[in-house]
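Participant: Input: one structure, supplied below.
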Amino acid sequence: MQFFGRLHPVLVHLPIGFIVFGVLLLWTDRKKKRYEQVIALAFLWGAISALLASLTGYVHYRQEGYSFSSVQLHLWTGLITTVFCLLVYLRVIENSWVKLLRGASPVALSIVLFLLISVTGHFGGSITHGADFLIEPLPQSLQRTLGYETFEKKEIVLNEENWQQLIFYDSLIDPMIHNYCASCHNPRKAKANLILTEREGILKGGENGEVIVSGDLENSPLHARLILPKSHEDHMPPSGKSQPSKAEINLIRQWILSGNSFEKTLGEAGLKKSELITFFRKDSLAGYPKVNPPPLSPDSLELFKKSRIHISRLSANSELVRVSMVNNPAFQDMDFDPLLGIAQNIAVLDLGGTAVTDSIFGKLAQLPHLTVLKLDNTGVTGAQLEKLQELEYLKSLNLTATPFEINNLAALNSFKSLRTVYLYNSPFTEKSGVEFLSNSNISIEYGNYSLPGIPSDSISY
């Protein structure tokens, strides 16, 4: 019987095809009536296949442990559709059994049948993908207008400074359950009589028993269903829903193995910092000065844009900016003066591929928060490089493909914050660079890296 029931997903699409075909042909042929026999045959096979789909669906429901509350709408609308399809067939062939329908227009009946098969299919899809599968992509404001309960996704963010003192369940497990389980397992809509939004509900389980067995992953469906293939019908969350990441699934795993306590801290549960890297708050301004420069005016940004100077903020909440001349290769030293008006804001400056010379160093020295400077593919030789030594935040200097003179490299020894210098495709070699640079905090990148060959390199595609 179980095999018969599992034929339902195969057979369920047959009545949809027959009925839609019959409806479309009936609408097309409503005046000339050339295809009445074909239309009748379509509705007859639609009724027969709908009956088979209903029978296999009922067996599937009984054999696979679905609750009646979860399938009743699909079941009843499927039976109604089957009967109504048969009535439409009898009306099309003008059978005497349906005298009451003789006054009804076949086209009108077909419209009702089309609506029935659509609603039945929707209820079936809700069982497989969740009740909100169809409306999930819609804006949440529109979902609320349509009467659906919405669940705003909770951001999972940990503070790196005190993460060990945070309660495991409150800070990680609860928001994860909210994001991936709450829409189907809450007090208002408890699929399989399972409520996961409350501690008592998690411990109680649902109609299929417990969802957590402390320390036993294999017998804890809350974890076991997460790691099933997405194509498996028992996989949770259902396909089409947002899926947790590997890092999030690992946290469910660790919570169960540590005794699924609602009170333990992350430190007490034995979590490692490496398992939580994904959840620490990301600082988009890490490595840049912690300063508050004057706000940029939209008018000035528009003027720079017209001069083919691209300016973008390092983050939405910062007035520090990245300046690039990528679309302005003719940019010269004298063109830099307008940028001094936003000197306090410039943290990243890309002058690569422009026509600047050594005279630019005096102007660059007026950028107090400059952190990254790119002068690759320019004509700078480093003759006035020492002017930059007072820039307390300068960490990265790119001199790739420049005629930089070896003797000028020594000036970098007095740079306090500089950490990386790029000298690929320049007059330097590894030995010559080491000779002139005694500051051990600075690393020189020469490029020309070579990787060992691997077997797949020899494959021809």
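Participant: Pull up segment 404-426, narrow it to residues that are out of contact with any helix residue (DSSP H, G or I) (no Cβ under 6 Å at 6 or more places or on another chain) and more than 19 Å from Tyr393 (Cα to Cα), then point me to the one that is modelled with the lowest pLDDT.
Facilitator: Ser426
Participant: Sticking with this structure for a sec: Just the residues that are part of a helix (DSSP H, G or I) and either over 28 Å from Leu75 (Cβ atoms) or outside the structural domain of Arg91 (by TED's automatic domain parsing) (or both), please, taken from segment 6-38.
Facilitator: Within segment 6-38, Leu25, Trp27, Thr28, Glu36, Gln37, Val38 meet the criteria.
Participant: Among the residues of segment 427-461, which ones are of a type in the set (A, V, I, L, M, F, W, C), modelled with pLDDT of 55 or more and assigned to a loop (DSSP other than H, G, I, E, B)?
Facilitator: Those that are of a type in the set (A, V, I, L, M, F, W, C), modelled with pLDDT of 55 or more and assigned to a loop (DSSP other than H, G, I, E, B): Phe428, Leu437, Ile442.
Results for (1) at pLDDT 90 or above; (2) in contact with a helix residue (DSSP H, G or I) (Cβ under 8 Å, 6 or more places away or on another chain); (3) under 30 Å from Glu392 (Cα atoms); (4) not assigned by TED's automatic domain parsing to the domain that holds Leu340, shown as yes or no for each residue.
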position: Ala192; (1), (2), (3), (4): no, yes, no, yes
position: Leu203; (1), (2), (3), (4): yes, no, no, yes
position: Leu285; (1), (2), (3), (4): no, no, yes, yes
position: Pro289; (1), (2), (3), (4): no, no, yes, yes
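Participant: Right, something else. Check whether at least one residue in segment 336-350 is in a loop (DSSP other than H, G, I, E, B) and polar (S, T, N, Q), and report yes or no.
Facilitator: no
Participant: Next up: So is Ser315 surrounded by fewer than 17 Cβ atoms within 10 Å (Cβ to Cβ) and in contact with a Leu (Cβ under 8 Å, 6 or more places away or on another chain) or not?
Facilitator: yes
Participant: A further question on this structure: Give the residues of segment 250-274 that are within 24 Å of the chain's Cα centre (by Cα) and either on the phi > 0 side of the Ramachandran plot or loosely packed, with under 15 Cβ neighbours inside 10 Å (or both), sorted by residue number.
Facilitator: Lys273, Ser274
Participant: Continuing with this model, one more query. Please verify whether Leu303 is assigned to a loop (DSSP other than H, G, I, E, B) and either touching a Cys at 6+ places or on another chain (Cβ under 8 Å) or surrounded by 11 or more Cβ atoms within 10 Å (Cβ to Cβ) (or both), treating the condition exactly as stated.
Facilitator: For Leu303, the condition - assigned to a loop (DSSP other than H, G, I, E, B) and either touching a Cys at 6+ places or on another chain (Cβ under 8 Å) or surrounded by 11 or more Cβ atoms within 10 Å (Cβ to Cβ) (or both) - is not met.
Participant: Against the condition more than 15 Å from Leu113 (Cβ to Cβ) and either in a helix (DSSP H, G or I) or β-branched (Val, Ile, Thr) (or both), how does Ser49 come out, does it pass?
Facilitator: No.
Participant: Testing Lys290 on (1) more than 24 Å from the chain's Cα centre (by Cα); (2) part of a helix (DSSP H, G or I), one condition comes back false. Which one is that?
Facilitator: All conditions pass for Lys290, except number (2).
Participant: Can I ask one more? Quick one: which residue in Ile167, Ile117, Ile93 is modelled with pLDDT of 90 or more and more than 27 Å from Ser239 (Cβ to Cβ)?
Facilitator: Ile167
Participant: Given the residues Leu75, Leu14, Leu79, Leu44, which is the only one that is at pLDDT 90 or above, within 41 Å of the chain's Cα centre (by Cα) and surrounded by 17 or more Cβ atoms within 10 Å (Cβ to Cβ)? Spell out how you get there, then give the answer.
Facilitator: Working: Leu14 fails: surrounded by 17 or more Cβ atoms within 10 Å (Cβ to Cβ); Leu79 fails: surrounded by 17 or more Cβ atoms within 10 Å (Cβ to Cβ); Leu44 fails: within 41 Å of the chain's Cα centre (by Cα).
Going through Leu75, Leu14, Leu79, Leu44 in turn, the sole match is Leu75.
The values are calculated or read from the model by the stated rules, or taken from the named source; none is laboratory data. Since we're looking at a predicted model, the values are computed, not measured. For neighbour counting, all protein chains shown are included, and Cβ atoms are generated from backbone atoms with ideal geometry for every residue, glycine included.
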